[in-house]
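Here's the structure we're looking at; comments come further down.
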């Protein structure tokens, strides 16, 4: 069987046409210390508050504190499995969880990952973990009075059940 130069050059040309250059760049850091579910990490200069970090053994964390020389992250998982010197990778995305009717009846962890053994959650929408609360005006007003059962408190302090109070009622304490 003879090898022809034309066949080899055709194969090389085909491979060069199909070649795509892709580079993956990951910013990594090292764990300085851990304690009480918090990890201090060195080397993640471009990390953002709320960003998801990936630790060894499929453990995740969320950046909560940015100092000049290190980053503080809350750990979502078995904190005792993370040790000094472990490599940490930035994911480049803000921590979010799936949302919607697909979660009804499901048991999930803090990252929205299923832990009930019923398979993957196929949610089409997601929500960030850290969100600004809606303004006072956008919340539901207090619509129902709440009785404590203590006559002195119920007579002196107006307490209502709901999200906010729409008007200030006159109480003997404000006279």
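Which of 8, 41 comes first, and how do the rest follow, when ranked by fewest Cβ neighbours within 10 Å?
Numbers: 8 10, 41 25.
Exposure proxy ranking, most exposed first: 8, 41.
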Check: Packing-wise, with mean Cβ within 10 Å as the measure, how do 105-112, 19-26 rank, highest first?
Finding: 105-112, 19-26
Notebook entry, point to check: Nearest 10 degrees, 0 to 90: what angle lies between the long axis of helix 5-18 and the longest principal axis of the chain (Cα atoms)?
Noted result: 10 degrees
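Set the Förster radius R0 to 25 Å, insert the Cβ-Cβ distance between residue 161 and residue 138 as r into 1/(1 + (r/R0)^6), and round the FRET efficiency to 0.05.
Values: r = 18 Å, r/R0 = 0.74.
With R0 = 25 Å, the Cβ-Cβ based efficiency is 0.85.
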Item checked: Distance between modelled label sites at residue 33 and residue 54, nm, 7 Å Cα→Cβ extension -> 2.9 nm
Notebook entry, point to check: If R0 is 35 Å, what FRET efficiency do you get for residue 109 and residue 154 from their C-beta distance, rounded to 0.05?
Noted result: 0.25
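For residue 68 and residue 10, FRET efficiency with R0 = 41 Å and r from the beta-carbon atoms, rounded to 0.05? Before the final figure, lay out the partial values.
Numbers: r = 58 Å, r/R0 = 1.41.
Computed FRET efficiency for residue 10 and residue 68 comes out at 0.10.
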Item checked: Listed residues 53, 104, 32, most fluctuating in the chain (Gaussian network, C-alpha, under 10 Å) -> 104
Check: Counting pairs of alpha carbon atoms under 8 Å apart in space and at least six apart in sequence, what relative contact order in percent does the chain give?
Finding: 15 percent
Notebook entry, point to check: Which residue, 160, 43, 85, tops the fluctuation ranking in a GNM of the chain built on C-alpha contacts under 10 Å?
Noted result: 160
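Which of rounded, prolate, oblate describes the range 89-141, given a ≥ b ≥ c as roots of the alpha-carbon gyration tensor eigenvalues and a/c under 1.5 marking rounded, otherwise prolate only if a/b is larger than b/c? Walk me through the numbers on the way to the answer.
Values: a/c = 2.70, a/b = 1.41, b/c = 1.91.
Judged from the Cα gyration tensor, the range 89-141 comes out oblate (a/c at least 1.5, b/c at or above a/b).
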Next item on the list: Note the listed values (i) 55, 23, 17; (ii) 23, 19, 17; (iii) 21, 20, 17, then indicate which one is semi-axes √(5λ) of the Cα gyration tensor in Å calculated from this particular structure.
Entry: (i)
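Which order do peptides 136-144, 86-94 fall in by mean Cβ count within 10 Å, highest first? Could you put the intermediate results ahead of the total?
Values: 136-144: 10.7, 86-94: 15.7.
Going by the mean number of other Cβ atoms within 10 Å, highest first, we get 86-94, 136-144.
Read the figures in this text as sums done on the coordinates, not as results from a lab. The model shown is predicted, which means the values in this text are computed figures rather than measured ones. As a convention, Cβ positions derive from the backbone with ideal geometry for all residues, glycine included, and neighbour counts pool all protein chains shown.
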